[in-house]
1. Only residues that are assigned to a loop (DSSP other than H, G, I, E, B), under 21 Å from Val21 (Cβ atoms) and in contact with a helix residue (DSSP H, G or I) (Cβ under 9 Å, 6 or more places away or on another chain): list them for the stretch 132-165, please.
2. In this structure, does Leu501 turn out to be over 23 Å from the mean Cα position of the chain (by Cα) and in a loop (DSSP other than H, G, I, E, B)?
3. If Ser372 satisfies all but one of (1) in a strand (DSSP E or B); (2) touching an Asp or Glu at 6+ places or on another chain (Cβ under 7 Å), what's the number of the condition it fails?
4. Collect the residues in the stretch 404-420 that are closer than 27 Å to Asp95 by Cβ and either assigned to a loop (DSSP other than H, G, I, E, B) or not aliphatic (A, V, I, L, M) (or both), keeping them in residue-number order.
5. Within the stretch 26-131, which helices (runs of 4 or more DSSP H) (wholly inside it) include 3 or more residues that are surrounded by fewer than 17 Cβ atoms within 10 Å (Cβ to Cβ) and free of Cβ contacts under 8 Å to residues at least 12 places away in the same chain?
6. Counting just the residues of the stretch 220-244 that are modelled with pLDDT of 95 or more and not aliphatic (A, V, I, L, M), which one comes out most open to solvent (accessible area, probe 1.4 Å)?
7. So how many residues does the stretch 436-478 have that are more than 28 Å from Ser90 (Cβ to Cβ) and either outside any strand (DSSP E or B) or among the polar types (S, T, N, Q) (or both)?
8. Among what's in the stretch 292-342 and is at pLDDT 95 or above and within 30 Å of Leu278 (Cα to Cα), pick the residue that is surrounded by the most Cβ atoms within 10 Å (Cβ to Cβ).
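The values are calculated or read from the model by the stated rules, or taken from the named source; none is laboratory data. Because the structure is predicted, anything quoted here is derived from the model rather than measured. Here the Cβ is made from the backbone with ideal geometry for all residues, glycine too, and neighbour counts use every protein chain on show. Just so you know, the surface numbers come from the protein's heavy atoms only, side chains and all, with ligands and any DNA or RNA stripped out. Shrake-Rupley method; radii C 1.70, N 1.55, O 1.52, S 1.80 Å.
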Amino acid sequence: MSTLDEASANVSADADECEHVANTRPSDWRNPQPGGPYHLAIIGAGPAGIVAAKLAASFGARVALIERHAIGGVNLNTGSVPSKTLIRTSRIYADMRDAQHYGASVPDDIDVDFAAAMARVRRVRARLGRNDSARGLAAAGVDVYFGEARFVTGDALTVDGRTLAFRKALIATGARPHIPNIPGLADAGYLTNENVFDLTELPRRVLVIGGGPLGCEQAQAFCRLGAQTTIVQNRPLFLGQEERDAAQILSEAFARDGIEVRLNTTALAVRMAAGTKLVDLVSDDYRNTVGVDAILTGAGRTPNVEGLDLAAVGIDCDAGGRIRVDDFLRTGNANIYAAGDVCLESSFVDTATASARIVVQNALLRRGQRWSAVVIPSCTYTDPEIARVGLSVREANRLGIPVKTFTIPMHEIDRAITDSESAGFVKVHVQGRTDRILGATIVARHAGDMINEITLAMVAGIGLRKLSRVLHAYPTQAEAIRQAADAYNRTRLTPRVRARLRRWIES
């Protein structure tokens, strides 16, 4: 890149960052003067808070939305939006290196421009920040406040020296990365999702502590962008919530990418030497030290409840720090609800927004909607993706539910073969002797999109038998779902049924 090109890129990046700040926390913002009691006061302007505020305002409610950092929360600023943007860029480089699999020539010189990739992250973030900007929310009828919120009574809180009275309140403050207590880690320095997207240069060697979804996603992205990447997981498995054959397929993909995965391994200590971070590792009785340039950590999440003075209004938390709620998402104070990562075990944008909608319905319209009735899909955005919904076989067995599974390998699907994306499967679980769908796991490059069809069927009470009657566009990878339904229908053709059909045909 020439000096002129670099200068132009820097100006563009600065403009994107300025636009992002102007949307998410304008420097000239003045908090409104509160009037009478708000119908709903919301603490936290992440996905849950924004959805609740916009929905409540559309009902005609007076709404206050309070944010101490920036509109958009983790999702927009340091979470799903920037991470999925970077993952997409890393996939481009992986496809270039695998060009021969698509009947194309591998480029002679694949030069990763990490600064350009991160500039795109900032550009996309600025673009999406326009959708729910502070001024846009105000125009929609939401009173937006910036500052620290604290409850003073069961119907009032303070922010920026002002007291806001409310009839109902929603706590949607989210969660932050949990940092492991490793001696020397803080002194050596580390990355989490909160600062990793501030990088402008690619670390040559990256150690990822934690083999959960976020750790796996980031490890693969950095590896494909050119970093020598190692995952350290202190358990015998990574992605412990997934079915084992799904995790095995991803493990094989990691091996092809060149990611080193160390299971049953714990980071004992970190120290600096000659500009290198030296990490002492132990696996069983074997100890060794690895040198890296960056450590990416943050396994697990810690709910953001500090400073709210929850005890003063009768709200308590569980051992993990999450706010205790009932099935209607009410806290110990009947006027105060919670939604999203601050109270739920599942830390996903979709669950945050779904819980926020339930709170608005229950708090303002007294609908009595239950969180336990929600069908929750999830997806790990690696390559291939791993998506699931409902029960696994292991969970069904634990609950004593008879289960039968129908599995279609992706290498039997025409579109997966034409795309050279044949690793993976569609696996659908039904309750024994019925076609009621209990759950599903999909491993495929576009599994996150494909799982929605199964989720819809489960919500609508559509059995697997009927899915065989859904005409799927050909060729698509989602055709594997119809083939799983066809496999179920074939089990209904018992010898007795076949004999009856034969007599009918011959009559």
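1. Here is the first cut: in the stretch 132-165, the residues assigned to a loop (DSSP other than H, G, I, E, B) are 132-133, 140-141, 147-148, 154-155, 160-161.
From what is left, the residues that are under 21 Å from Val21 (Cβ atoms) are 132-133, 140, 147-148, 160.
Result: Asp132, Ser133, Ala140.
2. no
3. Among (1) in a strand (DSSP E or B); (2) touching an Asp or Glu at 6+ places or on another chain (Cβ under 7 Å), Ser372 violates only (1).
4. Here is the first cut: in the stretch 404-420, the residues closer than 27 Å to Asp95 by Cβ are 408-420.
Selection gives Pro409, His411, Glu412, Ile413, Asp414, Arg415, Thr418, Asp419, Ser420.
5. On the way: elements: 47-58, 73-77, 80-97, 114-129.
Ranges flagged: 80-97.
6. Here the residue is Gln228.
7. 20
8. If we take residues in the stretch 292-342 being at pLDDT 95 or above and within 30 Å of Leu278 (Cα to Cα), then Leu296 is surrounded by the most Cβ atoms within 10 Å (Cβ to Cβ).
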